[in-house]
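Input: a single structure, listed below in structure tokens.
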Amino acid sequence: MTELQPGDAAPDFTLTDAAGTSVTLSGRDRSTVVYFYPKAATPGCTTEACDFRDNLASLRGAGYDVIGISPDSADEIAAFARDEHLTFPLLSDPDSAVAKAYGAWGEKEIGGKTVTGILRSTFVIGPEGAIEVAQYRVDATGHVARLRRELGIDA
């Protein structure tokens, strides 16, 4: 997969959320943090999602919306959002087509085995549709704090 770089046009998408409502990237008047995570309710994905939840007010206050995307079904993301009190959209990308378009798909090592799947990745997309930040293979722990620093958002 080709990795996106700052200045590249963000691939547009329309995916459904846990309630079956379509969410489209294009046409937003604010910057959007789009992050890809491998599997709802797993330890790393829960850490990352709760970190975004806990920092959502400051991100929104600085002009950023947050969207999480995984290959999970609507039922799985609904349960994850409910259990973790997540108040930002989680979208279902069942065939990982959007993840692949962003380069957030590839080989990774889990438990000593090489597998192909979602690469934990985060993108900041400006209101004009250009990639402002592209981060691949991020570590879930402390990720949002590092992103906030890169965006110049005070704690």
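Any read-out appearing in this document is the output of simple, stated calculations on the displayed coordinates, not a laboratory observation. Since the structure is predicted, the reported quantities are computational estimates derived from the model, not experimental observations. FYI the Cβ positions are ideal-geometry reconstructions off the backbone, even for glycines, and counts take in every protein chain you see.
Points to keep in mind about this one:
- Filter result (in contact with a Leu (Cβ under 7 Å, 6 or more places away or on another chain) and among the polar types (S, T, N, Q)) within region 71-88: THR87
- Some residue of region 141-148 being of a type in the set (S, T, N, Q), out of contact with any Leu (no Cβ under 6 Å at 6 or more places or on another chain) and closer than 16 Å to VAL66 by Cα: no
- Out of ASP51, ASP65, ASP8, sole residue that is under 21 Å from ASP83 (Cβ atoms) and surrounded by fewer than 19 Cβ atoms within 10 Å (Cβ to Cβ): ASP51
- Contacts under 6 angstrom Cβ, first residue in region 133-148 being crowded, with 19+ Cβ neighbours inside 10 Å, partner of a type in the set (Phe, Trp, Tyr), 6 or more apart: ALA134/PHE123; VAL144/PHE52
- Residues (exposed (fewer than 15 other Cβ atoms within 10 Å of the Cβ) and outside any strand (DSSP E or B)) located in region 93-126: PRO94, ASP95, ALA97, GLY111, GLY112
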